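Engineer: Below are the structure tokens for one structure; questions will follow.
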Amino acid sequence: MNRLIITAALTGAEVTREQQPALPITPDEIADAAAECALAGAAIVHVHGRLADGSSTQDKEIYRQIIEKTRERCDVIVQVSTGGAVGMTPQERLAPVTLRPEMATLSMGTVNFGGDVFMNHPADMEIFAAAMTEYGVKPEFEIFDSGMLTTTLRWLKKGVVQGPLHFDFVLGIPGGMAGTPEALMYLRSQLPPDSSWTVAGIGAAQLPLATLAIVLGGHVRVGFEDNVYFRKGELARSNAQLVERIALIAQQLDRPVATPDEARAMLGINK
Ligand code: KMH
Ligand code: ZN
């Protein structure tokens, strides 16, 4: 079977230190967490910027520091967020793409997000896609609900994006598709054969969906952005602890884990 790409979503935009005391916030903390996760088997780190007070930012300089400090510590693919936090403007959200990171996320539609609305106007999404092409950034299409996958496939047909496409199924957001095996199997059944996918199960859905993805030949995203617990009632000690467990399960299931260079080759990323 193909090698397993593990992504560590280190910080996110919503999780607080009150919820997870080990949440990395500053660029140095994020880079340290990235290095620990790379050592544990992550090929990609998905990162969000935070200010020193913990609030979310898409400030280019913060992202520059995250990327540079991570590169100083380890080899790992840095995937910047263009989702940012609910309520940010599209222009704000797009700023880190101009740093030419290896990867960036691209959310493929509007979704209720807990008590908020995560807005993604189709015209803005096309601007994000064009910017990623211009700056040579590999997009990961974020799919919170099935219509978002349909939209991406329509784009592929229209030539807005070129395959092979790489998807992240974010399952279990209150307002999005459920964090269930059935939801994952449906999305997977709609994919073009040359595409690749990872799954980000939210909360308690993280471990079962990750395990299913390992068996199905998909890829896995874990980390504090999506889930702060190691098991029910027990907070994870670090992002790396969540990555380590996935690498261990993969090993037990005879699925080799991809290095960053192997992941680059699989995703068509030129270093
Ligand atoms: N913080 C969420 C509203 C992404 O990183 O691309 C959006 C998000 C998606 O986290
Ligand atoms: Zn994110």
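Engineer: In the range 248-260, which residues are under 18 Å from the mean Cα position of the chain (by Cα) and surrounded by fewer than 17 Cβ atoms within 10 Å (Cβ to Cβ)?
Structural biologist: Passing the criteria: only 259.
Engineer: Quickly run through the range 154-191 and pick out the residues that are closer than 20 Å to residue 110 by Cβ and part of a strand (DSSP E or B).
Structural biologist: Scanning the range 154-191 gives 167, 168, 169, 170, 171, 174, 176.
Engineer: Does at least one position in the range 160-183 carry a residue that is open to solvent by less than 60 Å² (accessible area, probe 1.4 Å), in contact (Cβ under 8 Å) with a residue 24 or more places away in the chain and aromatic (Phe, Trp, Tyr)?
Structural biologist: yes
Engineer: So if I check each of 237, 245, 264, which one is of a type in the set (Lys, Arg) and more than 23 Å from residue 22 (Cα to Cα)?
Structural biologist: Going through 237, 245, 264 in turn, just one is of a type in the set (Lys, Arg) and more than 23 Å from residue 22 (Cα to Cα): 264.
Engineer: What number of residues within the range 193-217 satisfy the criterion of being farther than 22 Å from residue 45 by Cβ, open to solvent by 30 Å² or more (accessible area, probe 1.4 Å) and touching a residue at least 12 places away in the same chain (Cβ under 8 Å)?
Structural biologist: Residues meeting the conditions: 6.
Engineer: With the structure loaded, tell me whether residue 220 is open to solvent by 40 Å² or more (accessible area, probe 1.4 Å), closer than 26 Å to residue 254 by Cα and not in a loop (DSSP other than H, G, I, E, B) or whether it fails that test.
Structural biologist: no
Engineer: Let me ask something else about it. Count, please, the residues in the range 14-41 that happen to be closer than 18 Å to residue 206 by Cα and either of a type in the set (Val, Ile, Thr) or within 15 Å of the chain's Cα centre (by Cα) (or both).
Structural biologist: Count: 3.
Engineer: Right, something else. Is it true that residue 52 is more than 15 Å from ligand 1 (Cβ to nearest atom), of a type in the set (A, V, I, L, M, F, W, C), open to solvent by 10 Å² or more (accessible area, probe 1.4 Å) and modelled with pLDDT of 95 or more?
Structural biologist: Judged against the criteria, residue 52 is a match.
Engineer: Which residues, counting only those in the range 69-101, are open to solvent by 20 Å² or more (accessible area, probe 1.4 Å), touching a residue at least 40 places away in the same chain (Cβ under 8 Å) and in a helix (DSSP H, G or I)?
Structural biologist: 69, 72, 73
Engineer: Say we look at the range 102-113 and pick out the residues that are part of a strand (DSSP E or B) and hydroxyl-bearing (Ser, Thr, Tyr); which of these is farthest from ligand 1 (Cβ to nearest atom)?
Structural biologist: Pass one, the range 102-113, residues part of a strand (DSSP E or B): 103-107, 111-113.
This time we only want the ones that are hydroxyl-bearing (Ser, Thr, Tyr), so: 105, 107.
On the way: 105: 3, 107: 5 Å.
The qualifying residue farthest from ligand 1 (Cβ to nearest atom) is 107.
Engineer: Condition check: within 12 Å of ligand 1 (Cβ to nearest atom) and open to solvent by 50 Å² or more (accessible area, probe 1.4 Å). Does residue 116 satisfy that? Walk me through it before giving the result.
Structural biologist: Numbers: within 12 Å of ligand 1 (Cβ to nearest atom): yes; open to solvent by 50 Å² or more (accessible area, probe 1.4 Å): yes.
Criteria met by residue 116.
Engineer: Output the residues belonging to the range 1-41 that are within 16 Å of ligand 1 (Cβ to nearest atom) and open to solvent by less than 10 Å² (accessible area, probe 1.4 Å).
Structural biologist: Selection gives 7, 8, 9, 10, 11, 12, 20, 23, 24, 30, 34.
Engineer: Scan the range 121-136 and give yes if some residue there is within 25 Å of residue 266 (Cα to Cα) and assigned to a strand (DSSP E or B), otherwise no. Please lay out each step first, then the result.
Structural biologist: Within the range 121-136, the first condition is being within 25 Å of residue 266 (Cα to Cα), and the residues that meet it are 125-126, 128-136.
Cutting the leftovers down to assigned to a strand (DSSP E or B) gives us none.
Scanning the range 121-136, I find no residue that is within 25 Å of residue 266 (Cα to Cα) and assigned to a strand (DSSP E or B), so the answer is no.
The values are calculated or read from the model by the stated rules, or taken from the named source; none is laboratory data. These figures come from a predicted structure and were not determined experimentally. FYI the Cβ positions are ideal-geometry reconstructions off the backbone, even for glycines, and counts take in every protein chain you see. Calculation scope for accessible area: heavy atoms of the full protein, side chains included, ligands and nucleic acids excluded. Shrake-Rupley method; radii C 1.70, N 1.55, O 1.52, S 1.80 Å.
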